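A quick write-up on the structure given underneath.
The values are calculated or read from the model by the stated rules, or taken from the named source; none is laboratory data. Small disclaimer: the values here were computed from a predicted structure and weren't measured. All Cβ positions, even for glycine, are placed from backbone atoms using ideal geometry, and neighbour counts span all protein chains on display. Ligands, DNA and RNA are excluded from the accessible area calculation, which covers all protein heavy atoms including side chains. Shrake-Rupley method; radii C 1.70, N 1.55, O 1.52, S 1.80 Å.
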Amino acid sequence: KAQGLGPPAQRHGMGMGPAAEHGCSGWGAGRFGGRAAVAVCLFLCLVSAADGRWQPESKELVCELWRPVWRRYHEAYMHALQTANSDADPEQRAAVRSELAQALSQRTANISDVLSCNVGVIAGYYLLARMASPVAVESLGAFAASEGEANLAYRLLQMALIFIFTLRNGNRIPDGPGMAWAITEQAIIPAIMQLKKGHDWLQRERLRRSVPISPSFRDRSLRIAVVSICAYPPDHPLALPKVTPPNRDAYTRRHGYELRLHLEPPVLGAHGLGVQHAKLATVLAYMQSGDFDWIAWFDCDSIFMNLERTLDSIIYQYAQQRGPPKSEVEEEEEEVGIAPAPICGAPAGPPDVSGEWLDSWMPPDMQDEAAVQIRQSPDGTLQAAARQFGEAAGRVDEDASLELDFEGGALKGRVIVEEDDAHGNYAVRLAWENGAVWDRRKESQQARQSRRRPCREPCLEPGLGCAAELDPDVDLLITEEGWGLSSANWMIRRSAWSLKFLHDALTAAHVEMKLFGDQDAIILHLMNQQALGATAGAAQGSLELTADPLDRHAAVVPQFELNSYDALNALTMECDMFVEGDLLITFPQCKDAEGCNDVFHLAADYGKAEDKPTASEGPHLGAWWLRREGPVRWPGYRGGPSAPSPSMPSSAAIRVFGPRPLVRDIFMREQMMQRGG
């Protein structure tokens, strides 16, 4: 019988498990069934506002409307709200959207004043997101939109969320002002989590077209420092101040990185600095020293697991310069979803069904215009689109089975392949269980040849044979978790932009808005003016955006590269869980010694173990193209003093390594017991 797994992560004091009243995973697991009800309630409220039947009292708005600046903002908001729910023409909607974006930009330029009307500010971001991408936002992320619209809506909703945190109300918008401004957190949080899934898919697409970098890649010209704070009182029961320092030391010594680990509150930074802002001040101080080219910040609850993985490899993989402009052939390949040449040593994977397909159920004279376009990720995830059914998501497996989830339900099928000595298994037909058949649309000879290209060798070091060069404009590498950007672990390059960014973020959190944590300040300065500027600058009826409205100096790194979670938090927060080969593991908000010390010690034991999977099993262990969740190979996973038997894992091992289904079963069972079920 497995023991309890301990508490999952909390954000600002609020539980985030499926049973939590308004938790991250509650949206992902148990509450999505109620999305339609939430959407209907919000819609009725918005309609009432649009036709003028709903005029809240000033006191209900909890906003200093006696001040002209906030009165003008409220007028811009109400104008936009009424326009959003009217049949206004595209040009009028664009003008009103721009007006509200400019008003919100002005009101958030001085974030110290946001508390004078923070629910109104939250409502403004939500309304702009809704006007930018009504399909995605009003469906709470259930339906996709164009890449540009979805990116903008995603960032605007994240801005709304950081100001929800300033309410200090368990991540809830109070009912009174929420009704007055026609806004609820239930319209924001699940939409963020769903939009992130589409954002992640686009990120994977870009990644697989980049130059592959081996996890052991080194550029010895880079001066890299690892910075952390593990400042706990001497009698503190948590094991981190004893576990983390030797783990950090072993990792940095192996690669010749400098270690700056503070075991006492740092004296660096501003006078009277709070602990929640110390990382910004500490990193800024080391950057001002000029001793390092890159500084990597890691929270104390992050433990290195793959000591062979280098930080250089992450820098070169995600800060690499984009290649030359695409050729016509490359443009065609990307347009129809043809995968790039495979990476040498990568698993064969499922059949390649990317491209365009003709639907046998469509009349012959309509098949071309009703062609189905399929995009495929390396793991077999599919996105299909056609005029006759809209969009559908699914996957194809190595056994040539596939499934797509249409609006009317899931449909299974089989991939028919053609043996081709030059190409391997070439998918030519998709046969569905309902009798439909999709035949691959005839491709140009160049496109067909592109599927036969030789594999790409990953770069092991800079120089001859490696096409990767660093982009001089990329200064920050940061990850995203379930609710958006994360400040847990990140890397920053010394530059004029970085010095100003750190100073501005520290000032925002330490001086201008003391309710902000470092993460909120980072989000503010990476996307607020950028997203509002993109919204205000869109003069046409539809937003013609192709890029993420994130500061161009920042690059988002897949979470598993710098911030893999333990299996329990990965489940409850719908995030990447640790997989053998990942650089490290993070235990968000694990603060109870009784429930957490065992997992800290187990992770540290894994990090220094000689009998775990290592780079000796292959030169690219930990590479993104090899990453798969699967059985744990480390012998220490089973047995141990607290394990039920020598052949079974302990509760600490289950929490660290999973597998997900077992973690889910145990966690849900514990939730039922707590409810008395």
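Mind listing the phi-derived Karplus ³J(HN,Hα) values for region 352-360, rounded to whole Hz, using 6.51, -1.76 and 1.60 with θ = phi - 60°, and x for any glycine or proline?
Per-residue couplings from phi come out as 7, 10, 5, x, 10, 10, 9, 8, 5 Hz.
Using the scaling law 2.2 N^0.38 Å as the reference, what is the normalised Cα Rg of region 163-256?
1.80
Taking θ as phi - 60°, what are the ³J(HN,Hα) couplings along region 178-193 by the Karplus curve (6.51, -1.76, 1.60), each to the nearest whole Hz, with x for Gly and Pro?
Each residue's phi maps through the Karplus curve to give x, 5, 5, 9, 6, 9, 9, 5, 5, 8, 10, 5, x, 5, 4, 5 Hz.
Once the dipole of region 543-622 is set up with Lys and Arg at +1 and Asp and Glu at -1 on Cβ about the Cα centre, which of 602, 559, 613 lies farthest towards its positive end?
The residue sitting farthest along the positive end of the dipole is 559.
Determine which residues of region 168-191 fall in the zone a paramagnetic label at residue 591 would reach in this model, i.e. backbone nitrogen under 16 Å from the point 7 Å along Cα→Cβ.
Within reach of a label on residue 591, which here means backbone N under 16 Å from a point 7 Å along Cα→Cβ, region 168-191 contributes 168-171.
Restricting to DSSP loop positions (anything but H, G, I, E, B) with no more than 14 other Cβ atoms inside 10 Å of their own Cβ, which chymotrypsin sites (Phe, Trp or Tyr not before Pro) remain in region 64-125?
Counting only loop positions with at most 14 other Cβ atoms within 10 Å, the chymotrypsin sites (Phe, Trp or Tyr not before Pro) in region 64-125 are 66.
Just to check I understand the Karplus step: with θ = phi - 60° and J = 6.51 cos²θ - 1.76 cosθ + 1.60, what whole-Hz values come out for region 149-162, glycine and proline as x?
Listing the rounded values in order: 4, 5, 4, 5, 4, 4, 6, 4, 5, 5, 5, 4, 5, 5 Hz.
Hey, can you find the accessible area per residue of region 183-249 for me, probe 1.4 Å, expressed in square angstrom?
About 35 Å² of surface per residue is accessible.
Collect residues whose amide H, placed 1.01 Å from N in the peptide plane, falls under 5 Å from the amide H of residue 259; neighbours closer than 5 in sequence don't count.
226
What ranking do 186-192, 471-477 get when scored by the average of other Cβ atoms within 10 Å per residue, highest first?
186-192, 471-477
Could you report the accessible area of residue 79 in Å², rounded to 10, computed with a 1.4 Å probe on the protein chains as they sit in the structure?
Around 80 Å² of this residue is reachable by solvent.
Just going by the charge dipole of region 78-227, with Lys and Arg at +1 and Asp and Glu at -1 on Cβ, which of 210, 112, 92 is farthest out on the positive end?
210
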